[in-house]
Amino acid sequence: MAARYEAKDIQVLEGLEAVRRRPGMYIGSTDVRGLHQLVFEVVDNSVDEALAGFCDRILVVLHPDGSVTVRDNGRGIPVDIHPQTKKSALEVVHTVLHSGAKFGGGQYKVASGLHGVGVSAVNALSEWLEVKVHRDGKVYRQRYQRGKPVTKVEVIEKTKERGTLTSFMPDRAIFKAIHYQFDSLAQRFREMAFLTRGLWLTLRDQRKDSEIERAFYFEGGIRSFVRYLDRTRKPIHDHIFYVERQENSTLIEAALQYTDGYAESIFAFANNINTIDGGTHLTGFRAALTRTLNDYARKNNLLKEGEENFSGEDVREGLTAIISVKLTDPQFESQTKAKLGNAEVKGQVESVVTEALAAFLEERPRDARAIIEKCTTAAHAREAARKARDLVIRKSVLESLTLPGKLADCSERDPSKSELYIVEGDSAGGSAKQGRERRFQAVLPLRGKILNVEKAGLTKILSNKEIQALITALGTGVGEQFDLGNLRYHRIIIMTDADVDGSHIRTLLLTFFFRHMLDLIKNGHLYIAQPPLYLIQHKKEKYYAYSDEEKEKILKRLDGAKVPISRYKGLGEMNPEQLWETTMNPERRTLLQVGIEDAAEADRTFEMLMGEEVPPRKRFIQTHAKQVRNLDV
Ligand code: 0RA
């Protein structure tokens with residue numbers, strides 16, 4: 001028998017040793033947060049006693065030497081002998097890890113989130129700890145050092161009081177510094193007091209010459225919590241909704257109020273732990289809110305036929321709410337263990353809140369009106385925002401991210417080294433695609449159809465598929481959204497036939513650029529390709545002439561020889577090699593850079609270009625286009 005006791009004792013010592021060796025595993029860290037965690041561990045046990053209904057006062061004292069005392073007026077930790085270990089329950093609670101939960105089962109326990117290792121871990125990490133239990137008219141006391149008992153459980157005096165008093169000195173060998181932050185402790189105690197209606201929780205700081213004390217007590221529980229959160233906000237109705245009800249073994253509390261703000265601040269708690277990742281209680285609460293407000297609005301004709309239901313977002317705009325549940329067996333999920341997983345809780349919360357909120361709306365028609373009005377405004381704003389967004393999206397079809405299918409892009413990604421040939425017709429487009437230097441030359445063929453919109457309004461021009469493809473290929477957007485910085489090619493080269501149709505297309509493109517992409521012209525990005533007009537063949541040589549003048553010169557040089565001359569009517573007549581040689585090869589080609597002096601002139605030109613007469617149009621192109629040869633040299 002004796003050997004077995006020894007084995008148990010060794011286990012206990014090993015457990016406490018593990019806590020001291022790796023304190024972070026048990027209390028998170030050994031900085032100020034870990035230090036606070038010690039205080040919370042001890043206070044949590046007293047709050048449990050309050051949740052069980054046996055305690056309504058907790059006093060926390062910060063002493064000048066760094067030690068802390070936590071006192072409650074509960075039943076007192078049991079001191080009777082534990083049958084298996086033959087030790088006082090008081091000692092077991094303080095020396096065996098996770099032993100606290102075994103006592104007083106079937107109650108709600110504050111679940112201290114990730115940690116909640118119990119007072120034995122606090123004991124292990126304390127230079128000394130002393131506990132006094134006021135019970136049955138006696139005061140029982142036991143002292144420990146670094147977790148190990150240094151006295152028996154002794155009766156030291158008589159008392160008329162009840163409760164547990166724990167004092168401890170965090171171990172300086174483990175904690176970096178023993179500096180408690182009053183405000184940080186106070187905030188958690190305030191929250192605890194909100195969540196434990198009727199509890200007096202006092203924090204007394206004796207570290208300075210003048211003692212500071214703050215006491216938290218909220219008759220209204222989480223109703224007071226909502227009022228507290230809204231102290232800096234503007235509520236839009238007078239009464240805070242509140243419900244407290246038990247469903248099977250789950251205790252459910254919810255409180256809410258709407259403000260004139262837009263943010264949603266819902267805080268969800270499970271066993272007094274702030275479940276920042278939400279969980280089943282929050283899901284149930286939200287479902288109840290959406291359903292109940294929609295039902296009420298329909299029933300009272302505040303949502304008319306044909307109007308859509310409020311969305312979840314609509315009913316949460318400007319909402320301040322607390323949902324707090326207490327369960328005997330809370331299950332926490334997620335990385336931070338701050339998400340409630342108990343599946344049954346969703347339905348329980350949903351039914352309790354639905355019923356109580358519906359009743360509240362019936363009893364408080366003024367509050368109800370204000371709330372529904374808020375939801376309606378939110379819904380309308382959201383609808384308006386959606387429409388505006390859709391419009392923007394529709395607009396930006398013109399600058400959509402997917403490049404047009406018929407664009408044969410170049411592989412170069414540096415716009416300053418890239419060129420785009422806008423080519424008339426699919427057949428010329430085919431030759432250009434084959435003849436180009438694909439590394440830096442892209443080709444976009446445009447169909448003749450573009451002609452049909454020449455005289456059309458701007459919207460119609462913009463809705464033209466060919467123009468859309470062009471804008472997308474350029475990457476700049478158009479109109480107000482035009483951004484030259486997004487231009488994908490620094491040379492835009494219009495390459496059309498030297499016939500009437502070709503000149504029409506060129507004209508249309510020029511007017512389009514004048515009207516909608518003026519900066520592109522101003523910055524010298526627009527060019528007109530110069531395909532040859534004639535091919536002159538002499539022996540094995542080929543000569544290209546780009547004008548009648550040039551043709552005559554060549555013929556003179558060939559000295560009256562009888563040579564075949566062919567006139568190119570269209571780009572399609574040239575094979576890809578010829579097109580490259582004559583019109584696309586930077587070493588040999590001639591480009592006309594399109595320039596304008598100012599916008600006023602451009603506008604005048606536009607009118608002129610749109611006119612029926614051909615001569616002024618021709619003149620424009622000639623006078624405003626300067627020749628640029630061998631751009632790459
Ligand atoms: C288990 C059973 C009983 C009281 C407690 C735990 C208790 C624990 C702590 C920790 C800090 N303060 C506490 N107060 C009470 C009740 C045993 C009984 O009287 O039946």
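Rank-order 252-259, 577-584 by packing density, defined as the average count of other C-beta atoms within 10 Å over each peptide's residues, highest first. Walk me through the numbers before you get to the answer.
Details: 252-259: 24.2, 577-584: 21.1.
Packing proxy ranking, top to bottom: 252-259, 577-584.
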Practice item. Tell me which residues come under 5 Å, amide H to amide H, from HIS82 once H is placed; ignore anything under 5 positions away on its chain. Key: LYS87, SER88, ALA89
**Study point:** Cα-based reach from LYS158 at 27 Å (exclusive), listing lysines while leaving out same-chain residues under 8 positions away
**Key:** LYS86, LYS87, LYS132, LYS138, LYS148
Study note, to complete from the structure: Once phi for every residue in the range 371-384 is put through the Karplus expression 6.51 cos²θ - 1.76 cosθ + 1.60 (θ = phi - 60°), the whole-Hz ³J(HN,Hα) values, with Gly and Pro written as x, are 5, 5, 4, 4, 5, 4, 4, 4, 5, 5, 4, 5, 5, 4
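Mind putting a number on the dipole of the range 215-289 about its Cα centre? Charges go on the C-beta only, +1 for Lys and Arg and -1 for Asp and Glu, and I need it in Debye to the nearest 20.
Dipole about the Cα centre, nearest 20: 140 debye.
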Exercise for review: Towards the positive end of the charge dipole of the chain, with charges on Cβ (+1 Lys, Arg; -1 Asp, Glu), say which of PHE54, SER324, HIS538 has the farthest Cα.
Suggested key: HIS538
Practice item. Using only Cα atoms, tell me the angle between helix 548-557 and the longest principal axis of the chain; keep it within 0 to 90° and round to the nearest 10. Key: 60
Revision key, fill the gap. note: the chain, Cα-Cα separations exceeding 48 Å make up a percent value of 50
Check your understanding: What are the residues whose amide H is under 5 Å from the amide H of PHE216, where those residues sit 5 or more places off or on another chain and H is modelled from the backbone?
Key -> LEU201, THR202, LEU203
Revision key, fill the gap. Between HIS237 and residues 5 or more places away or on another chain, the pairs with built amide H atoms under 5 Å apart involve TYR258
Study note, to complete from the structure: Quick note on GLU307, GLU191, ordering by fewest other C-beta atoms within 10 Å, gives GLU307, GLU191
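Could you tell me the calculated FRET efficiency between GLU161 and THR402, based on Cβ-Cβ distance and R0 = 51 angstrom, to the nearest 0.05?
0.05
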Review point. For the range 41-55, in order, what is each residue's ³J(HN,Hα) by Karplus, 6.51 cos²θ - 1.76 cosθ + 1.60 with θ = phi - 60°, in whole Hz (x at glycine and Pro)?
Key: 4, 6, 5, 3, 5, 6, 5, 4, 5, 5, 4, 6, x, 10, 8
Point to revise | Chain lengthening between GLN537 and ARG233 when straightened (0.36 nm per residue, less Cα-Cα) | key: 100.6 nm
Practice item. Starting from the Cα of ARG21, step 7 Å along the direction of its Cβ; do the same at GLU244; then give the gap between the two resulting points in nm. Key: 4.7
Review point. Can you work out the FRET efficiency for the pair ASP31 and GLN11, with r the C-beta to C-beta distance and R0 = 25 Å, to the nearest 0.05?
Key: 0.25
Check your understanding: Can you sort THR159, THR336 by how many other beta carbons sit within 10 Å, fewest first?
Key -> THR336, THR159
Point to revise | Residue pairs, from the table LYS522/LYS551; LYS299/LYS326; LYS406/LYS465; LYS433/LYS539; LYS406/LYS433, whose Cα atoms sit over 22 Å apart | key: LYS522/LYS551; LYS299/LYS326; LYS433/LYS539
Review point. How much length, in nm to one decimal, is gained on full extension between ARG557 and ASP519, taken as 0.36 nm per residue of separation minus their Cα-Cα distance?
Key: 9.3 nm
Point to revise | Charge dipole (debye, nearest 20) of the range 254-378; +1 at Cβ of Lys and Arg, -1 at Cβ of Asp and Glu | key: 180
Practice item. Please find the FRET efficiency linking GLU577 to SER547, where r is the Cβ-Cβ separation and R0 is fixed at 25 Å, and quote it to the nearest 0.05. Key: 0.65
Check your understanding: Using the eigenvalues of the Cα gyration tensor, what equivalent ellipsoid semi-axes result for the range 512-594 when each is taken as the square root of five times the eigenvalue, whole Å, largest first?
Key -> 31, 13, 11
Check your understanding: What does the range 204-323 give for Rg and for Dmax, in Å, if only its C-alpha atoms count?
Key -> 17.8, 69
Point to revise | Distance in nm between pseudo-label sites at ASN300 and LYS387 (7 Å out along the Cβ direction from Cα) | key: 2.6
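Need one number: convex hull volume per residue for the range 84-224, Cα atoms only, in Å³.
Spread over its residues, the Cα hull of the range 84-224 gives 168 Å³ apiece.
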Check your understanding: In sequence order, what are the phi-derived ³J(HN,Hα) couplings for the range 200-207 according to the Karplus relation 6.51 cos²θ - 1.76 cosθ + 1.60 with θ = phi - 60°, rounded to whole Hz, with x for glycine and proline?
Key -> 8, 10, 10, 10, 10, 10, 9, 6
Practice item. Quick one: dipole size for the chain, taken about the Cα centre, charges +1 on Lys/Arg Cβ and -1 on Asp/Glu Cβ, in debye to the nearest 20. Key: 1000
Point to revise | the range 216-272 and the range 332-376: distance between their alpha carbon centers, rounded to Å | key: 11
Point to revise | Cα-projected label distance for THR377 with ASP65, points at 7 Å along beta-carbon direction, nm | key: 5.9
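Where a number appears in this text, it was derived from the coordinates with a stated rule and is not lab data. Remember, predicted model here, so these are calculated numbers, not experimental data. Cβ atoms come from the backbone with ideal geometry, glycine included; neighbour counts cover every protein chain shown.
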